[in-house]
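Inspection log for the structure reproduced underneath, given as structure tokens.
All of the numbers you see were taken from the coordinates with simple rules; none came from a lab. Here the structure is a predicted model, which means the values were calculated and not measured. Backbone-built Cβ (ideal geometry, glycine too); neighbour counts: all protein chains shown.
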Amino acid sequence: MDISSNEDNLDIILEKPAVPRPVVLVIIDAWGIAPKYSGNVFADLKLKTFTSLVKNYPLALLDGDGASTKERYQKLGAAGHLTKAISDAGLSQLNLTESEKLLSSWYHFNGERNSVIQKEELRVVSSKTGNREEDIKQSLPEIVKIALLDIKKGLHDFIVVSLSNLDLISATGNLELSKEAAKLLDKNLGRLADAVLKQHGVMIVTAAYGHAEAMINMSTELPQSGITTNPVPFIIVSREYQGRTIGLPDTLDDDLSLVESVGTLENVTPTILKILNIPPQEGNMAESLV
């Protein structure tokens, strides 16, 4: 299926629901945005899905504020308000992750809540053991399989999917393997996008932090570890938003590093709540990007 074309998708449900179902938040940690150079995994890769999403759907760059992984995930889930507001609205939700990412994508994302709430499900796929460099897939196939089935059957209104193979492989410092991991991740993003669009849902793609875009220190030319302070992408994939922007001009020569950030990770929660037509919490919540 061509995610850039409406005409090819003849099996799309014709009547669009008042509120899209499902809304799927796909977290692709380690995917940051930076100028092209030899240490940037994405510099010379042909990433069909990501390129198509950027071309056809609203894109914004979000700052991580230089915070720790814990703080970034708390901002991403607005300290647990996102999932609580969804539960309070009577909607069902699924958090799908692997065991090595459980602390971040579940505990910190939910404001350090350690138990499920009403109409919420947590599914944890065991992370692969042994030498990571021997398997660029990690737990990606299992997680994507579960997500695709859930989307197809319409089991949940909101789904958080943590795709971690690039994050785990880039942490090894192996640049070439990280490129292969990025290509595999890109391919599976396409599969998820196709599935969500068939259901007239919304897929939001973002990351809590970058790393793969800066694996080599430009000054020392030595391997660079740890999360970066570079901005991360934020893309809204849906038929309703196709061709629209989030107040951004066209990128110069398709170089996203030339685009200015328009918000932070704290803007993600109010944006998702607005898409779900759920009133935001009164108080000091950030603005929606749509």
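Out of [x] 62, 47, 45; [y] 53, 44, 37; [z] 67, 42, 41, which label holds the value of Cα extents along the principal axes in Å that was computed here?
Step by step, Cα extents along the principal axes in Å for this structure corresponds to label [y].
Could you pull out every residue, at least 5 positions away or on a different chain, whose amide H is within less than 5 Å of the one on Val24? Hs are placed 1.01 Å off N in the peptide plane, and Pro or chain starts have none.
Long-range HN contacts for Val24: Ile159, Val202, Met203, Ile204.
Classify the range 61-108 as rounded, prolate or oblate from the Cα gyration tensor: take a ≥ b ≥ c as the square roots of its eigenvalues, call it rounded if a/c is under 1.5, otherwise prolate when a/b beats b/c and oblate if not.
Details: a/c = 2.48, a/b = 1.40, b/c = 1.77.
In terms of gyration-tensor shape, oblate.
Short version: what are the Cα gyration tensor semi-axes of the range 117-258, square root of 5 times each eigenvalue, largest first, in whole Å?
Details: eigenvalues 153, 104, 32 Å².
Gyration-tensor ellipsoid for the range 117-258: 28, 23, 13 Å.
Give the long-range amide H neighbours of Phe109: residues separated by 5 or more places, or on another chain, with amide H under 5 Å away, using H modelled in the peptide plane at 1.01 Å from N.
The list, which skips near neighbours in sequence, is empty: none.
Looking only at trypsin sites (Lys or Arg not before Pro) in DSSP loops with at most 14 other Cβ atoms within 10 Å, what is the longest site-free stretch of the chain? Let's see the in-between values first.
Working: sites that count: Lys36, Lys46, Arg244.
That would be 47-243.
Can you list residues whose amide H is under 5 Å from Asn95's amide H, if they're 5+ apart or on another chain and H is modeled 1.01 Å from N?
HN-HN under 5 Å from Asn95: Glu121, Leu122, Arg123, Val160.
Which of the listed residues, Pro270, Leu103, Ser126, is farthest toward the dipole's positive end in the chain, when Lys, Arg count +1 and Asp, Glu count -1 at the beta-carbon?
Of the candidates, Ser126 comes out farthest on the positive side.
What nm value, rounded to one decimal, do you get for the distance between Lys55 and Glu71 when each label is placed 7 Å out toward the C-beta?
The two pseudo-label positions are separated by 3.9 nm.
Of Leu155, Thr172, Leu140, which is farthest on the positive side of the dipole of the range 121-187, counting Cα position, with +1 on Lys and Arg Cβ, -1 on Asp and Glu Cβ, and the Cα centre as origin?
Farthest towards the positive end: Leu155.
Return a whole-number percent for the relative contact order of the chain, with Cα pairs under 8 Å and 6 or more residues apart as the contact set. Mind showing how you got there, number by number?
Working: 608 pairs, mean separation 102.1, N = 290.
Result for the chain is 35 percent.
Of all DSSP beta bridges located in the range 23-275, what percent are antiparallel, nearest 5?
Working: 9 of 32 bridges.
Counting only bridges with both partners in the range 23-275, antiparallel ones make up about 30 percent.
For a quick check, take a GNM of the chain with Cα springs below 10 Å and name the residue from Gly201, Gly130, Gly173 with the largest mean-square fluctuation.
Result for the chain, Cα springs under 10 Å: Gly130 fluctuates most.
Given springs between every Cα pair under 10 Å in a Gaussian network model of the chain, which of Val202, Val19, Val161 has the largest fluctuation?
Its mean-square fluctuation being the largest, the pick is Val19.
Run the quick spin-label model on Asn217 and Glu133: label points 7 Å from Cα toward the beta carbon, then report their separation in nm to one decimal.
Here the modelled spin labels are 2.1 nm apart.
Spin-label point model (7 Å from Cα, Cβ direction): what's the Glu121 to Ala18 distance in nm?
Distance between label points: 2.5 nm.
Could you list the GluC sites (Glu not before Pro) in the range 182-290 that lie in coil according to DSSP, counting only those with at most 15 other Cβ atoms within 10 Å of their Cβ?
Filter output for the range 182-290: Glu221, Glu240, Glu260, Glu282, Glu287.
Enumerate the lysines that Lys36 could reach by cross-link, defined here as Cα to Cα under 27 Å, with residues fewer than 8 away along the same chain left out.
Filter leaves Lys46, Lys48, Lys55, Lys137, Lys179, Lys183, Lys187.
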